[in-house]
1. Quick check on segment 186-207. Is at least one of its residues within 16 Å of the ligand (Cβ to nearest atom), under 24 Å from THR333 (Cα atoms) and either in contact with a Cys (Cβ under 6 Å, 6 or more places away or on another chain) or not β-branched (Val, Ile, Thr) (or both)?
2. Could you check, for segment 411-419, whether at least one of its residues is more than 19 Å from the chain's Cα centre (by Cα), within 16 Å of the ligand (Cβ to nearest atom), assigned to a helix (DSSP H, G or I) and polar (S, T, N, Q)?
3. Of the residues that make up segment 561-571, is at least one of a type in the set (Val, Ile, Thr), closer than 30 Å to ASP152 by Cα, over 26 Å from the mean Cα position of the chain (by Cα) and in a loop (DSSP other than H, G, I, E, B)?
4. Kindly list, by first and then second residue, each pair from a residue in segment 148-174 that is without any contact (Cβ under 8 Å) to a residue 24 or more places away in the chain to a residue that is more than 13 Å from the ligand (Cβ to nearest atom) and of a type outside the set (S, T, N, Q), limited to pairs with Cβ atoms under 8 Å and residues at least 6 apart or on different chains.
5. Can you say whether TYR429 is assigned to a loop (DSSP other than H, G, I, E, B), out of contact with any Ser or Thr (no Cβ under 9 Å at 6 or more places or on another chain) and within 16 Å of the ligand (Cβ to nearest atom), as far as the supplied structure shows?
6. Of all residues in segment 239-284, how many are of a type in the set (S, T, N, Q), touching a residue at least 12 places away in the same chain (Cβ under 8 Å) and farther than 15 Å from GLU227 by Cβ?
7. Give me the residue from segment 155-185 that is within 26 Å of ASN401 (Cβ to Cβ) and buried (at least 22 other Cβ atoms within 10 Å of the Cβ) and, out of that set, nearest to the ligand (Cβ to nearest atom).
8. All but one of (1) closer than 30 Å to MET405 by Cα; (2) crowded, with 17+ Cβ neighbours inside 10 Å; (3) not hydrophobic (A, V, I, L, M, F, W, C) hold for THR215, so report the exception by its number.
Amino acid sequence: MNTLSELRDRFEKVLSELTPTPDPFVAMIKPTQDAAFGDFQANCAMPLAKQRGTNPRSLAAEIVGKLDVTDLCHPLEVAGPGFINIRLKDEWLIERINNIVSDARLGIELATKPKRVVIDYSAPNVAKPMHVGHLRSTVLGNALYRVFKFCDHQVVGDNHIGDWGTQFGMILFGYKNLLDVSAFESNAVGELARLYRLVSQLSTYHDAKAELPETIKQHEQYREQREGLEKESDQHQGDKDFAKDLKTTRANEAQWNQQIVALKRIIADIESSSLLKNLADTHPQIAELARLETAKLHAGDEENTRLWNQFVPQCLAAIQGIYDRLDIRFDTTHGESYYNPMLANVVEEMQTKGLAVESDKAICVFIPGNAAPFLIRKSDGAFTYATTDLATIRYRVKDLNADTMIYVVDTRQSEHFRLLFETARLWGYVDRQFVHVNFGTILGKDNKPYKTRSGDTVGLESLLDAAVAKARQIVNENDDRKKDDAGNPTPELDDVTRAAVAETVGIGAIKYADLRHNRESDYVYDEDKMLATTGDTATYMQYAYARVCGIFRRGAINRETLRNEAGHIRFTHPSERALSLQLLRFSEALDGVLSECRPNILTDYLFTTANSFSTFYQECKVLKEQDAAIRTSRLLLCDLTARVIATGLELLGIKTCEQM
Ligand code: ARG
């Protein structure tokens, strides 16, 4: 058990005598921000005193009096209005830290009650190339997967790819009508992606053409209304309602105007090219025809099924290249198509149970307290994204026996998941845990969703290449700067090693930058920042790791042997104690990641650890220390730090290099 849990356990015994609901108060025992107040602090006396109508300081004293913590803490102090300051005894820390010196798991215990977890992550819609939008689900989901697995939960990583949606209709239509045969022969996936973009661009064009007149009319109406109001405005000086009216009208006018601009841009994009304009004119019904192709595929049409069976593996092979580079493997890749045979039965079951009813020829689940119904069959008979997700839940519960289902999906799908989880509970899955691990958008430096200069989404492959290229410069510069004591250059890495290190640094930087943010927040994709060698980056952490490895290399010390020798960690300087305490908090960090599905708790922890090490290394001699016992103790701390950093990074899916 980690120190925090140990303390909370002891407090709980006392607090449960004072309140029937001790949990929120127990949760108020936290590590201190400032070491001057001790190692941990309990702020529970103030709110609890308020609840009981007593004096907080005397309540704090009462709690302290009842607590049995003499084995691990110095006598507790009550400070200020009733804070309880907790300072661990050095003996306690020394015993704990020495216990993990030769523990391969660094003190992280296996889960006492392993969960059966399915993590649904990455899930791109195939037949479109992977772009920057797929990064977050892939990276966050994989980090969670690794932490659950490390803590011995039974976890299935499932890539719920979109392989059955309307995009296939577009590709099928494109393949049959717009194919560039030689392009397809040389790069099938590239050509399919082009067809997808082309068909979707042509359909959007026709939609825009159809929408434009009505949009102009709406805009006109607001313009006239605004002009009318402006004429009257002299008579309405100081009239708040009038002013508000005018403001709303202006806003509406501006909004419709924006819409006109957007539609005109879509139209101009096609009409400025005679080639595209010709194609658009030749295929005025393209959207409808593409929809029909999807419908035919879903109905089992022979030709479309054959083509689909040909396309999907090709597309999957293409995205596999990216997963390999990102070092991501799934246990299963059950795409949407996998559930197709189950959909009719799901709808039937929901109807028989009286959960779903027909409404305007469609079948819907009406959830008490929700205005919007959950649509599970459209009026034309087509099943929906929702139907597939319901079938997926039933499969995961029945066949995989999952008790926890985690979906790592963009915040924009929050409403879908809220309704899905509500429906699942109505369906009877009340004893299962459903979690939507939502996340924000990756922005460009203009603070808008990250796009290329021409306005396209940024391909993931090119993003990885760019980061690795930049990492290569950093690796080169760093290695070229190395010098011996006499000032002669001593680069250590050959070309092949430099390339491998650059790949590790570049990919690590992208992943870490994504993981270190609070997942709900949007963040700006900034290659310079994410590859900085100081600050909260993977690069900083990777160099910190390599620096520690360098100590052992320079001292020609075998780390295994060191661990197995008789020496042990002792405290002779405050920074040794501070570093030990920090290393012992690894399991608190992992607990946090698991309970909140937030990998940034781990990045925060690793950053603090690297900083704590850096202070220690500045203040304490290691290789040059004369006292053999102290030297061994410090080397053991170096070794532990390196292992904690490498393990922590690995749990985030980030690799390290012994030498950089
Ligand atoms: N393919 C979907 C998309 O790109 C994400 C799927 C997420 N998982 C799920 N079970 N709905 O939006």
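The values are calculated or read from the model by the stated rules, or taken from the named source; none is laboratory data. Predicted model only: the values in this text are computed from it and were never measured. A quick note on method: Cβ atoms are made from the backbone with ideal geometry, for glycine too, and the neighbour counts reach across all protein chains shown.
1. Yes: segment 186-207 contains one or more residues that are within 16 Å of the ligand (Cβ to nearest atom), under 24 Å from THR333 (Cα atoms) and either in contact with a Cys (Cβ under 6 Å, 6 or more places away or on another chain) or not β-branched (Val, Ile, Thr) (or both).
2. no
3. Yes - at least one qualifying residue is present in segment 561-571.
4. Short answer, once both residue conditions are applied: LYS149/VAL155.
5. Spelling it out, TYR429 is indeed assigned to a loop (DSSP other than H, G, I, E, B), out of contact with any Ser or Thr (no Cβ under 9 Å at 6 or more places or on another chain) and within 16 Å of the ligand (Cβ to nearest atom).
6. Of the residues in segment 239-284, 1 are of a type in the set (S, T, N, Q), touching a residue at least 12 places away in the same chain (Cβ under 8 Å) and farther than 15 Å from GLU227 by Cβ.
7. HIS160
8. Here THR215 meets the rest and fails (1).
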